[in-house]
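Note sheet for the following structure.
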Amino acid sequence: MRIDSKFLAMIRRQFPAVGADPAGRKRAFLDNGAGTLVTRRAADREHEARIDWSANVGNLFPESEGASQTILDGRMAVADLLNAQRPSTIISGESATGLLFSLSYALGREFSGSENVVTTGYEHYTNISPWVEMGSNLEINELRFAEFDRDTGVLDPGSIQERVDRNTKVITVAAASNVLGTRTDLVEIGKIARDAKALFIIDAVHHVPHELVDVRKIGCDFLVFSGYKLFSRHGSFMYAKPEHIKKLSPYKVLASPDRGPEKWEQGTRDQAMFAAISGAIDYLAWVGNPSAKRPPKPGKQRRMRLMQAFKAIERYEKELMDIALHGKGKTPGLNDIPGLRLYGPSDVGKEWNRDPTFSFNLRGYQDRALSRKLWDKYRLAVGAEDYYSRVPAIYKKKTMLRATFVHYNSKAEVLRLLSALDDLARKKR
Ligand SMILES: Cc1ncc(COP(=O)(O)O)c(C=O)c1O
């Protein structure tokens, strides 16, 4: 399976907003790191759940049974996406931030205050603040940041290892930096966590549209991701190893169930959120075999299709990354545009494992003004922010521009960004 121009056209038809903004202006959407566009299947399933299965769960009439089934279907789809043991390992929440806070409250009950937590230097604050709060509540005594290489943006797992000691009870990392694009070596860090008998937590929010994760292969204890970064709507999911679901005591209201993922879910769940994520995951399974007559069966067959899909997605995104970094024909890449400073890995390959997320500044332009120019003049949607990350400050910047490509972006869109930046750079030469 290969994403060629014909298949890309089919893929783009699955995203009603891919080519134009709501006013019908043709544009390239490159702000995928902040939230991807929604696939038709996710929106259709959400609509169906909203109208047909709008009742609350736990009763005997069809609307209620349909709501319970929709939630189960959503858990099954997420379990296939992550290769989780079973659907009951999937917990839903309002956001990844909410889920990690909730996890930290549960861990706070277990810790004595002498423990430390090790993380990377490129986390989103979602994976910093819960541990900082635990420190303020005297539930841990230190949060340690493993440095990444400032020139390459790469994190050596040895940098995590150096910070681990016998009081390390949690190692928590982003699967990929939402600013630098750097991929974290999850398998290696998983081994470090197991040797240290520490819990291994993964924030996969940024990474999840780019690579198929496998929680069993990685051996993580928890993993969070958000639907709005995976072609679906807002609302997030956390995988937890079965023993943790059972043993830990999350904050909950007394009357809510004492077992299963429901024990972790605060308040009434929204079945439409589960419907939408199952639509997004089935869309991805379709990418794995677009000519299949029927949608895959949940379980092994769907997982297999997802594996095929992500093989194609990774291969295609690598092509996009090569063009973005090195250019094509007369169009220079991000590495070569004069006055452009790119942060993070400047190449792609085994040693430079990265996602197609490119943060940069351009000499002579303020970030926000450049973002505006890219929109007004070139119809390119590219953000300029701090991305709730310590990374801009590490490079002594308040903000950076960021373009994130996903598999529905075309090579022409990458080239459009490069030519626009080259054009703007020339004006300041
Ligand atoms: C790496 C990473 N973690 C966490 C978040 C926040 O996720 P949520 O909005 O679901 O809390 C983001 C959002 O940009 C992110 O990029």
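Quick notes on this structure:
- Measuring nothing but alpha carbons in the stretch 326-365 and taking Rh as the Kirkwood radius, the Rg to Rh ratio lands at 0.99.
- The accessible surface of the stretch 332-398, taken with every protein chain in place and a 1.4 Å probe, is 46 percent carbon and sulfur.
- Farthest positive-ward along the stretch 1-85 dipole, Cα basis, beta-carbon charges - from S5, G74, P16: S5
- Among beta bridges from DSSP that stay inside the chain, the antiparallel ones total about 55%.
- Compactness of the stretch 108-197 as Cα Rg over 2.2 N^0.38 Å, two decimals: 1.05
- Packing around the peptides 278-289, 377-388, taken as the average count of other Cβ atoms within 10 Å per residue, puts them in this order, highest first: 278-289, 377-388.
- Here the calculated FRET efficiency for A412 and T268, from their Cβ-Cβ distance with R0 = 51 Å, stands at 0.70, rounded to the nearest 0.05.
- Pair-distance profile P(r), taking every C-alpha pair of the stretch 266-415, with 10 angstrom steps and integer %: 10, 29, 29, 22, 9, 1
- Surface composition of the stretch 45-281: carbon plus sulfur atoms hold 49% of the accessible area, using a 1.4 angstrom probe and ignoring ligands, DNA and RNA.
- Directionally averaged projected area (convex hull, Cα atoms, the stretch 181-340), nm²: 13.6
- Distance between the 7 Å Cα→Cβ label points at F101 and R426: 5.0 nm.
- Two-site FRET efficiency, N289 against K26, from Cβ-Cβ distance with R₀ of 30 Å, rounded to 0.05: 0.45
- Gyration tensor (alpha-carbon) shape descriptor, the stretch 206-276, a/c threshold 1.5: oblate
- Rounded to whole Å, sorted largest first: equivalent-ellipsoid semi-axes of the chain, Cα gyration tensor: 34, 29, 19
- E243/E319 FRET efficiency (R0 56 Å; Cβ-Cβ; nearest 0.05): 0.85
- Burial ranking of peptide ranges 401-412, 221-232 (average Cβ count within 10 Å, highest at the top): 221-232, 401-412
- Distance in nm between pseudo-label sites at Q308 and D151 (7 Å out along the Cβ direction from Cα): 4.4
- Accessible surface ranking that places the most exposed of R41, R27 first, with a 1.4 angstrom probe: R41, R27
- Were the residues from A34 through F61 laid out at 0.36 nm apart, the gain over their Cα-Cα distance would be 5.8 nm.
- Rg(Cα)/(2.2 N^0.38 Å) for the stretch 45-281, N = residue count: 1.02
- Given +1 at the Cβ of Lys and Arg, -1 at the Cβ of Asp and Glu and no other charges, the dipole of the stretch 45-281 around its Cα centre is 480 debye to the nearest 20.
- Residue pairs exceeding 24 angstrom between C-alpha atoms, taken from K241/K350; K229/K252; K6/K293; K26/K229: K241/K350; K229/K252.
- Choice from T357, T399, T268 showing the highest fluctuation, given a GNM over the chain with Cα pairs closer than 10 Å: T268
- A straight chain from Q69 to M10 at 0.36 nm per residue would run longer than the Cα-Cα distance by 18.2 nm.
- Normalised by 2.2 N^0.38 Å, where N is the number of residues, the alpha-carbon radius of gyration of the stretch 1-98 equals 1.37.
- Dipole of the chain, positive direction: furthest Cα of L248, T399, V117, with charges on the beta-carbon: T399
- Take the Cα of A369, step 7 Å toward its Cβ, do the same at K300, and the gap between the two points is 6.2 nm.
- Length released on extending from K217 to Y125, taking residue separation times 0.36 nm less the Cα-Cα span: 30.5 nm
- Residues considered: F29, F360, F61. Largest GNM mean-square fluctuation over the chain, using C-alpha springs under 10 Å, is found at F61.
- Solvent exposure of the chain, expressed per residue, is 44 Å² of accessible area, with all protein chains present and a 1.4 angstrom probe.
- Positive-end residue, the chain charge dipole about Cα centroid, Cβ charges, pick of Q85, P257, L143: Q85
The values are calculated or read from the model by the stated rules, or taken from the named source; none is laboratory data. Quick caveat: nothing in here was measured; it's all calculated off a predicted structure. All Cβ positions, even for glycine, are placed from backbone atoms using ideal geometry, and neighbour counts span all protein chains on display. We work out accessible area using only protein heavy atoms, side chains counted, and drop any ligands, DNA or RNA first. Shrake-Rupley method; radii C 1.70, N 1.55, O 1.52, S 1.80 Å.
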